[in-house]
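Chemist: I'd like to ask some things about the structure below.
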Amino acid sequence: MNQLADRYDEGLVGGKLLIQYCDACGRPTMYPKWRCPSCFSDSLSFREAQGTGTLYSLTVQYFTAPTAFADQQPYALGIVRLTEGVQLLARLVPEEDGGWSRYRMDGPVEFCPVPPQPATDKGPTAGRPCAWFWLPRT
Amino acid sequence: MDNAVFVGIGELPSGRYPDRNFMGDLVAAGHLALKDAGLTPRDVDTLVLIPCLHSFIDQADLVFSRVVEELGLNKAVKSQFMVHSGGSTSDNAVRVAGSLLCAGEAETVLILQAERWGSAPVEAMIDSLSFNGIPLDWEVPAGQNFNAIGALITARYMHETGSTPEDMAGICVALRKWAKLNPNAMYRDKTLTIEQILASKMVCEPLHAMECPMMADGAVGLVMSTPELAARRDQESVRIVGTGGCVSHYSLGQETDLARLGWPKAAEMAYDASGWGPDDVQLAEVYDSYAAVMAIAFEGLGLCKLGEGARFIAGGETSPGGSLPSNTNGGLLSAGHTGVGGGTALLAEGVRQLLGRAGPERQLPDVRRALIGGTGGSYMDAQVMMLERVARGTGGVPPTKAAGAAKGAAT
């Protein structure tokens with residue numbers, strides 16, 4: 001039983017990025033935790049994120065991915081700072097040409113509710129979803 | 001840590017050695033270190049073991065006392081145990097061993113490390129690493145892995161400092177110059193140029209293949225004791241002047257300052273504890289599994305100007321003949337990445353230089369003060385240790401205290 005990860009994953013599968021908020025002090029926390037790291041309350045709830053933020057760093061993986069992800073290469077990983085003030089690691093949706101050349105550090109990105117690629121069916125987290133972000137739709 | 005000193009080191013060459021064996025390497029490194037200190041296993045009362053990452057079974061052997069049997073120490077040692085914080089393990093092992101010595105819980109400690117990464121199947125090692133220090137719940141499902149972690153840090157560092165691909169590659173070249181003087185280094189025989197690095201394939205943008213650390217076999221032993229025993233045994237020794245540390249995150253995705261990490265806080269603590277400033281550092285041995293990791297540490301430690309770490313190192317300041325010789329064994333990037341042992345090898349090199357035992361080619365003249373910097377996992381922590389050579393016979397007691405003790409003895 002992994003209540004935190006299961007609940008977070010349910011959100012992603014339903015096209016929602018969830019942020020945990022403390023019921024006592026109201027602060028957001030990421031990644032989900034068993035107790036509020038600020039006031040230590042054990043009463044926390046998930047709420048849907050706005051889905052907007054900026055890209056803090058990114059990389060494109062061409063080689064040396066874990067074997068479960070080898071057939072997804074190349075793929076891009078980014079650290080996204082959400083408008084709510086928390087951050088997370090996410091996959092970045094490729095542009096139409098299959099690359100990621102228009103992504104910029106400190107530039108805006110948005111949560112992509114429908115991943116362009118299914119979760120890997122291999123490895124220790126087979127079938128588990130992850131958050132995807134893309135450039136703002138114009 | 002006034003009552004703890006290093007008195008001996010041992011190391012086997014790093015690289016790919018399929019004919020060597022894990023336990024054989026551990027025992028060999030232990031005997032080398034003890035011989036270096038003029039001791040035998042019989043002098044050891046406490047064993048501190050640094051984990052290996054290549055095999056859970058071999059690691060279990062460490063936890064459950066196989067080394068005690070191998071060294072013939074059944075019923076002779078008081079305690080043996082493992083300390084583990086990934087790449088910063090050696091820093092924490094010293095913190096623990098030193099504290100035991102200071103508390104009177106130990107008198108002679110043998111710290112041992114061996115790794116078989118270079119001879120293990122590469123894909124299996126990459127896979128095991130992808131969920132060893134990376135959160136299974138939050139980052140593994142996205143395809144996170146250690147080259148990506150290095151790349152995410154490097155990308156942000158370059159973005160904030162304006163460091164160029166040539167600057168970053170130049171760090172790898174600077175490290176190779178030292179490796180060529182180190183008979184234990186994996187790449188002691190191979191020259192490296194910026195052009196070669198930038199022409200190698202892009203692995204994880206902005207990291208090229210030749211900027212990624214090469215997994216290696218290796219083994220290191222360190223002997224620690226008390227100043228009093230060192231004086232009685234007439235050993236050369238190295239004392240710990242002060243330490244500092246900062247654990248900044250677990251998940252790389254939660255690090256809010258990728259281009260600084262925990263270094264500024266750890267550095268401040270270590271400088272306060274030692275009474276040193278950056279100008280007192282004559283030699284630095286700082287974790288360098290990726291070029292940016294070393295540059296970021298240098299900036300946080302105040303060893304160069306903020307934002308200039310890459311250009312400082314690439315420019316030759318830390319190379320042979322430079323103003324601040326650093327990673328004089330070639331670092332993880334050129335001596336070989338021996339898993340948890342990469343930091344151990346840097347620590348051993350620092351102690352070796354201070355003991356004056358680095359050999360004719362790379363021994364620094366008149367080096368007395370060294371800074372050791374380590375980090376583990378996804379660069380989750382920054383660990384800093386200030387080390388100082390002690391004159392034989394004074395047994396590691398700081399000069400002022402030695403004088404005080406002598407006066408006390410006279411009255």
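Chemist: For B:ASP288, B:ASP127, which order do you get if you count the other beta carbons within 10 Å of each Cβ and list the fewest first? Could you put the intermediate results ahead of the total?
Modeler: Values: B:ASP288 32, B:ASP127 18.
Ranked by crowding around the Cβ, least crowded first: B:ASP127, B:ASP288.
Chemist: Over the residues of the stretch B:305-366, compute the C-alpha Rg and express it relative to 2.2 N^0.38 Å. All intermediate terms of the calculation are to be shown ahead of the outcome.
Modeler: On the way: Rg = 12.4 Å, N = 62, 2.2 N^0.38 = 10.6 Å.
Against the compact-globule rule of thumb, the ratio is 1.18.
Chemist: So who's got an amide H within less than 5 Å of the one on B:GLY242, skipping anything under 5 residues away but keeping other chains? H placed 1.01 Å off N, in plane.
Modeler: Amide H to amide H, under 5 Å and 5 or more residues apart or across chains, B:GLY242 pairs with B:MET386.
Chemist: Going through the cross-link list B:LYS35/B:LYS177; B:LYS35/B:LYS78; B:LYS35/B:LYS75, which pairs have a Cα-Cα distance over 25 Å in this structure? Present the calculation step by step, with values, prior to reporting the outcome.
Modeler: Numbers: B:LYS35/B:LYS177 29 Å; B:LYS35/B:LYS78 21 Å; B:LYS35/B:LYS75 22 Å.
Cα-Cα > 25 Å for B:LYS35/B:LYS177; rest within.
Chemist: Along each of the three principal axes of the Cα atoms of the stretch B:1-64, give the extent in whole Å, ordering the values from largest to smallest.
Modeler: Computed over the stretch B:1-64, the largest-to-smallest principal extents equal 37, 24, 23 Å.
Chemist: Sort A:PHE63, A:PHE133 by Cβ crowding within 10 Å, fewest neighbours at the top.
Modeler: Values: A:PHE63 14, A:PHE133 25.
In increasing order of surrounding Cβ atoms, one gets A:PHE63, A:PHE133.
Chemist: Okay, moving on. Compute the distribution of all C-alpha to C-alpha distances in the stretch B:181-240, in bins of 5 Å from 0, and list the percent of pairs in each, rounded to whole numbers.
Modeler: Going from the shortest bin to the longest, the percentages are 4, 12, 15, 12, 11, 10, 9, 9, 7, 6, 4, 0.
Chemist: More than 17 Å apart: what percent of Cα pairs in the stretch B:209-266 qualify? Write down the numbers at each step before the final one.
Modeler: Values: 1146 of 1653 pairs.
Percentage above 17 Å: 69.
Chemist: Antiparallel as a % of all DSSP beta bridges within the protein assembly as shown, to the nearest 5?
Modeler: Values: 64 of 81 bridges.
So the antiparallel bridges in the protein assembly as shown amount to around 80 percent.
Chemist: Moving on to the next point. Please order A:GLU96, B:GLU361, B:GLU299 by the number of other Cβ within 10 Å, starting at the fewest. Present the calculation step by step, with values, prior to reporting the outcome.
Modeler: On the way: A:GLU96 6, B:GLU361 11, B:GLU299 25.
Ordered from fewest to most neighbouring Cβ atoms within 10 Å, A:GLU96, B:GLU361, B:GLU299 come out as A:GLU96, B:GLU361, B:GLU299.
Chemist: Distances over 23 Å make up what percent of all Cα-Cα pairs in the stretch A:3-138?
Modeler: Details: 3366 of 9180 pairs.
Summing the P(r) tail past 23 Å for the stretch A:3-138 gives 37 percent.
Chemist: Throw me the Rg/Rh for the stretch B:46-118, computed over C-alpha atoms with Kirkwood Rh, two decimals.
Modeler: Values: Rg = 12.3 Å, Rh = 12.7 Å.
Rounded to two decimals, Rg/Rh equals 0.97.
Chemist: Oh, and also: Work out the mean other chain Cβ neighbour count within 10 Å for the residues of A:127-133 and drop it here as an integer. Before the final figure, lay out each step's value.
Modeler: Details: counts 1, 5, 2, 7, 3, 1, 0.
Neighbouring Cβ atoms belonging to other protein chains average 3 per residue here.
Chemist: Using Cα centres only, tell me the gap between the stretch B:23-99 and the stretch B:107-138 in whole Å.
Modeler: A separation of 16 Å, based on Cα centres.
Chemist: In terms of Cα to Cα distance under 18 Å, which aspartates and glutamates are near enough to A:LYS16, apart from those fewer than 8 places away along the same chain?
Modeler: Cα-Cα hits under 18 Å: A:ASP6, A:GLU48, A:GLU84, A:GLU110, B:ASP137, B:GLU139.
Chemist: Using unit Cβ charges (K, R positive; D, E negative) and no other charged atoms, how large, in debye to the nearest 20, is the dipole of chain B about its Cα centre?
Modeler: Working: 32 positive and 46 negative charges, 216 e Å.
Result for chain B is approximately 1040 debye, rounded to the nearest 20.
Chemist: What is the helix-to-structure angle for B:263-274, meaning the angle in degrees between its Cα long axis and the longest Cα principal axis of chain B, kept from 0 to 90 and rounded to the nearest 10?
Modeler: Between helix and principal axis, roughly 20 degrees.
Chemist: Using Cα positions and a limit of under 12 Å, work out the aspartates and glutamates in reach of B:LYS180, with same-chain residues fewer than 8 apart set aside.
Modeler: Cα-Cα hits under 12 Å: B:ASP189, B:GLU361.
Chemist: Ok, one more. Check chain A for me: any Cys whose beta-carbon has no other cysteine beta-carbon within less than 4.7 Å?
Modeler: Lacking a cysteine Cβ partner under 4.7 Å: A:CYS112, A:CYS130.
Chemist: Per q in 0.12 Å⁻¹, report the Debye log10 I(q)/I(0) for chain B, using one uniform scatterer on each alpha carbon and no solvent.
Modeler: Treating every Cα as an identical point scatterer, log10 I(q)/I(0) equals -0.89.
Chemist: Could you let me know the centre-to-centre spacing of the stretch B:243-282 and the stretch A:32-64, using Cα atoms, in angstrom?
Modeler: Using only Cα atoms, the two centres lie 25 Å from each other.
Chemist: Here's a follow-up. Please get the size of the charge dipole for chain A, origin at its Cα centre, with Cβ charges of +1 on Lys and Arg and -1 on Asp and Glu, quoted in debye to the nearest 20.
Modeler: Numbers: 13 positive and 14 negative charges, 58 e Å.
My answer is approximately 280 debye.
Chemist: Roughly what percent of Cα-Cα pairs across the stretch B:141-269 reach past 24 Å? Please report the intermediate quantities before stating the final value.
Modeler: Working: 4337 of 8256 pairs.
Summing the P(r) of the stretch B:141-269 above 24 Å gives 53 percent of all pairs.
Chemist: Could you work out the mean projected area of the convex hull around the alpha carbons of the protein assembly as shown, in square nanometres to one decimal? Kindly include the intermediate steps, with their values, before the conclusion.
Modeler: On the way: hull surface 106.6 nm².
Reported value for the Cα convex hull: 26.6 nm².
We did not get these values from a lab; they are worked out from the coordinates using the rules stated. Every value quoted in this text rests on a predicted model; they were computed, and no experiment measured them. Here Cβ is always computed from backbone atoms with ideal geometry, including for glycine, and neighbour counts include all displayed protein chains.
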